[in-house]
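*Asks:* One structure, as structure tokens, below. Some questions next.
The values are calculated or read from the model by the stated rules, or taken from the named source; none is laboratory data. Just so it is clear, the structure is predicted and the values come from calculations on it, not from any experiment. Note: ideal-geometry Cβ built from the backbone for every residue, glycine included; neighbour counts use all protein chains shown. Note: areas computed on protein heavy atoms with side chains; ligands, DNA, RNA excluded. Shrake-Rupley method; radii C 1.70, N 1.55, O 1.52, S 1.80 Å.
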Amino acid sequence: AQSVTQPDIHITVSEGASLELRCNYSYGATPYLFWYVQSPGQGLQLLLKYFSGDTLVQGIKGFEAEFKRSQSSFNLRKPSVHWSDAAEYFCAVGDGGGAQKLVFGQGTRLTINP
Amino acid sequence: NAGVTQTPKFRVLKTGQSMTLLCAQDMNHEYMYWYRQDPGMGLRLIHYSVGEGTTAKGEVPDGYNVSRLKKQNFLLGLESAAPSQTSVYFCASGRRDQETQYFGPGTRLLVL
């Protein structure tokens, strides 16, 4: 069965600094990978997704992620964070089945220092 | 276009009480899902539906029932609430030909 691990429960960065959130997955075939963001008290919003092709994918709000098959990773990056990026970030993998079910990681909470 | 909406936003129940959470989507999506979110555990799939009149169990289905009588609605029922069901519940929907799921704002449930 597929699984997703986000090793960092909580990360704090200064505004303007670069950001990398880690995600490792376990899946037998080529995975469908997603990053979602959840602002406090809100639902989840899709940041970006990878299905195939170029391993560097661009998303909304200036985020990007790189798929590395050899490392089973799909890390999320942003060159310069803004205070509004403070949120919880979830990595997810699609099970590839007909119902398109998702398996989520535990989430990483991002705090921004002014 | 409201997207995915959930009713209610917040509810307090006593142990043993029952309730139904309503999810509605206006995007004509075939697939709908119910998740629960607990601290440190991410989102876990409770039940899902691939079409009107069909439902299936997800990862954590015990203590919950669902129904999808209309394509746009997906109901999650708790017949006899337990404190372990205190959680935030999210509904999501998606198109058959896309992998992306669209999430509602969540329902916070407290069972005393």
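*Asks:* Hey, could you check the stretch A:13-28 for residues that are in a strand (DSSP E or B) and of a type in the set (A, V, I, L, M, F, W, C) and say which is surrounded by the most Cβ atoms within 10 Å (Cβ to Cβ)?
*Replies:* Looking at the filtered set, the residue picked out is A:LEU21.
*Asks:* I'm trying to understand the selection: among the residues of the stretch B:7-18, which are open to solvent by 10 Å² or more (accessible area, probe 1.4 Å) and not basic (Lys, Arg)? Quick ask: steps written out before the conclusion?
*Replies:* Narrowing the stretch B:7-18 to residues open to solvent by 10 Å² or more (accessible area, probe 1.4 Å): B:7-12, B:14-18.
B:THR7, B:PRO8, B:PHE10, B:VAL12, B:THR15, B:GLY16, B:GLN17, B:SER18 - these are the residues of the stretch B:7-18 that are open to solvent by 10 Å² or more (accessible area, probe 1.4 Å) and not basic (Lys, Arg).
*Asks:* Can you list the strands (runs of 3 or more DSSP E) lying wholly within the stretch B:20-112 that have 1 or more residues being without any contact (Cβ under 8 Å) to a residue 40 or more places away in the chain?
*Replies:* Passing ranges, in order: B:43-51, B:54-57, B:65-67.
*Asks:* Can you tell me which residue is farthest from the other protein chains (Cβ to nearest Cβ) among those in the stretch B:88-105 that are within 14 Å of the chain's Cα centre (by Cα) and open to solvent by 10 Å² or more (accessible area, probe 1.4 Å)?
*Replies:* B:VAL88
*Asks:* Tally time: how many residues in the stretch A:46-84 are under 21 Å from A:PRO7 (Cβ atoms), in a loop (DSSP other than H, G, I, E, B) and touching a residue at least 60 places away in the same chain (Cβ under 8 Å)?
*Replies:* Matching residues across the stretch A:46-84 total 1.
*Asks:* Considering only the stretch B:1-28, how many residues are among the hydrophobic types (A, V, I, L, M, F, W, C) and farther than 11 Å from B:LEU109 by Cβ?
*Replies:* Restricting attention to the stretch B:1-28, the residues satisfying the condition of being among the hydrophobic types (A, V, I, L, M, F, W, C) are B:2, B:4, B:10, B:12-13, B:19, B:21-24, B:27.
Remaining after also requiring farther than 11 Å from B:LEU109 by Cβ: B:2, B:4, B:22-24, B:27.
Looking only at that region, the number is 6.
*Asks:* Return a yes/no flag: does the stretch A:90-105 have any residue that is surrounded by 12 or more Cβ atoms within 10 Å (Cβ to Cβ), at pLDDT 95 or above and more than 28 Å from B:LYS57 (Cβ to Cβ).
*Replies:* no
*Asks:* Moving to a separate point now. Among the listed residues A:PRO40, A:PRO31, identify the single one that is open to solvent by less than 60 Å² (accessible area, probe 1.4 Å), more than 10 Å from chain B (Cβ to nearest Cβ), touching a residue at least 24 places away in the same chain (Cβ under 8 Å) and farther than 12 Å from A:TYR89 by Cβ. Spell out the reasoning first.
*Replies:* Numbers: A:PRO40 fails: open to solvent by less than 60 Å² (accessible area, probe 1.4 Å).
After ruling out the rest, the residue left standing is A:PRO31.
*Asks:* Just for the stretch A:85-114: of the residues that are away from chain B (no Cβ under 14 Å) and in a strand (DSSP E or B), which one is nearest to A:THR5 (Cα to Cα)?
*Replies:* Per the stated criteria, the residue is A:LEU110.
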